[in-house]
Amino acid sequence: MTAFPKHTLETAPDEVRPLLETSRKMFGRIPGLHATMAESPALLRGYQELFSLAAHTRFSTTERHVAWLALNYENGCTYCMAAHTGLAKKDRVDDAIIQALRDGRPLADAKLEALRRLAVRLVRDRGWVDEDGLRPFLDAGYTRGHVLDLVLLVGAKTLSNYTNHLAETPVDDAVKPFAWTPPDRRQAAE
């Protein structure tokens, strides 16, 4: 494990304490991701702002969770998969949708599946998606504005997923019931 400090309100630099306080107010605790990001006040501030801006996209709550869980799956982020499963359940996203996303399976709802596929494709193709690649998403009823909104969600997940990969952030106790192992690591764990 790469050693990254996990800051508390007591150990954090003065400039980051208000950010951690915001996290504590939002979640009732300071998530491990935020405690790790606190080593870089700019990173934590950027992540919090992107996460907040996500609520102002054209996506519904369920659609945001579909994108986040699909991105966590694609990036193999164990921490974020557990955390966003907990958030999706709190927001009453259908359990069948959550489970399909955790399993990397297609979604039954065609529109949500188009969203899942584009989210995954954006990561795999590093944003190089041509008109033919966008067509199923647009044909499902989304707009070009949605495409750009999805870029914001990809950006937020890139910040959190990469931080967790580098720091090997342990899953918080609050979301341990939703622990997840990426498929490529499941056989090794068994």
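Some observations on this one:
- Any chance Val129 is in contact (Cβ under 8 Å) with a residue 24 or more places away in the chain, of a type outside the set (Phe, Trp, Tyr) and more than 18 Å from Pro182 (Cα to Cα): no
- Lone qualifier among Val16, Val93 - being under 18 Å from Glu113 (Cβ atoms) and aliphatic (A, V, I, L, M): Val93
- Odd one out for Gly127, checked against (1) over 16 Å from the mean Cα position of the chain (by Cα); (2) farther than 19 Å from Cys77 by Cβ; (3) not aliphatic (A, V, I, L, M): (2)
- Test: residue in segment 17-29 that is more than 21 Å from Ala179 (Cα to Cα) and touching a Lys or Arg at 6+ places or on another chain (Cβ under 7 Å): yes
- Test set (1) over 20 Å from Thr143 (Cβ atoms); (2) not in a loop (DSSP other than H, G, I, E, B) - Leu118 fails condition number: (1)
- The set of residues from segment 98-115 being assigned to a helix (DSSP H, G or I), touching a helix residue (DSSP H, G or I) at 6+ places or on another chain (Cβ under 7 Å) and free of Cβ contacts under 8 Å to residues at least 60 places away in the same chain comprises Ile98, Leu101, Leu112, Ala114, Leu115.
- Among the candidates Asp149, Asp172, Asp91, residue that is under 25 Å from Arg45 (Cβ atoms), touching a Pro at 6+ places or on another chain (Cβ under 8 Å) and at pLDDT 95 or above: Asp172
- Of all the listed residues (Pro136, Pro170), the sole one being in contact with a helix residue (DSSP H, G or I) (Cβ under 9 Å, 6 or more places away or on another chain), within 22 Å of Arg105 (Cα to Cα) and surrounded by 12 or more Cβ atoms within 10 Å (Cβ to Cβ) is Pro136.
- Scanning segment 121-155 for residues that are part of a helix (DSSP H, G or I) and either more than 15 Å from Glu63 (Cβ to Cβ) or of a type in the set (A, V, I, L, M, F, W, C) (or both) yields a total of 22.
- Scanning segment 87-100 turns up no residue that is over 23 Å from Pro177 (Cβ atoms) and of a type outside the set (Ser, Thr, Tyr).
- Residues of segment 140-159 that are farther than 13 Å from Ala67 by Cβ and surrounded by 14 or more Cβ atoms within 10 Å (Cβ to Cβ): Ala140, Leu159.
- Selection within segment 62-97 - without any contact (Cβ under 8 Å) to a residue 40 or more places away in the chain, in a helix (DSSP H, G or I) and not β-branched (Val, Ile, Thr): His65, Leu69, His84, Leu87, Ala88, Lys90, Asp95, Ala96
The values are calculated or read from the model by the stated rules, or taken from the named source; none is laboratory data. Everything numeric in this text was worked out from a predicted model, so none of it was measured. Cβ sites come from the backbone with ideal geometry, for glycine too, and all protein chains shown count toward neighbours.
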